[in-house]
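The values are calculated or read from the model by the stated rules, or taken from the named source; none is laboratory data. Keep in mind it's a predicted model, so treat the numbers as computed, not measured. When we count neighbours, we look across all protein chains shown, and the Cβ atoms used for this are built from the backbone with ideal geometry, even at glycine.
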Amino acid sequence: MKLQKYKLLFGLSVLGLLASCESNLRDVQRMNEVAFSPIGQSEDINLKYTDSGKVKAILVSPLMLDYSNLEYGFNEFPKGVHVTLLDEKNTKSYVESDYAVSYNKTKIIDLQGNVKLTSSDGKYLETEQLYYDQVNEWFYTEKKFKFTDIDGSYYEGPGIDFSKDFKVVNAQQNTGEGEIDNLE
């Protein structure tokens, strides 16, 4: 009988200890939570980026969340973006995606989900994720892509990087289809 009392007391003690630990565990978890909310929110935005008085890009989005108060601040576009890029001759290229994040310090834009880029001369690129380096005006991805030229020829593969105007394109391990006019 004494042994059963000790077992019962021991079991109740362990149960009480576990119950108090659970409460403390929740408190500790709450202490480690970081308040991660935007300091601003903008709806139906139409931003024009300028350099030396010239419009370089126009960004249109239904929603922008501003996290610039963080150490590595950023702007999030959870409902996607449509960007018009203008070169020195005011020719336009277009980029759209389902989601985007623009990092303030690095000047990198991360475009995600159904990313489509159309150049001013009709070249077309599709991928699931594409980064844009605003400082160097350079696009790149390690994801699968498909690049279609104005004549309908295309190539696809994993990973590509290229200049904003498509004049320099680097791609490896790709396959494609096209016509060759001259075999000299």
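Selection within the range 135-156: residues that are in contact with a Ser or Thr (Cβ under 8 Å, 6 or more places away or on another chain) and either at pLDDT below 90 or charged (D, E, K, R) (or both). The member of this set that is farthest from residue 106 (Cα to Cα) is 154. Counting the residues of the range 38-67 that are within 19 Å of residue 105 (Cα to Cα), among the small types (Gly, Ala, Ser) and loosely packed, with under 14 Cβ neighbours inside 10 Å gives 1. Total residues in the range 150-170 satisfying the condition of being part of a loop (DSSP other than H, G, I, E, B) and exposed (fewer than 13 other Cβ atoms within 10 Å of the Cβ): the figure is 5. Beta carbons closer than 6 Å, at least 6 apart along the sequence or on distinct chains, pair a first residue in the range 51-78 that is touching a residue at least 12 places away in the same chain (Cβ under 8 Å) with a second that is part of a strand (DSSP E or B) and polar (S, T, N, Q) for 58/84; 60/46; 64/42; 64/75; 65/41; 66/75; 75/102; 77/61.
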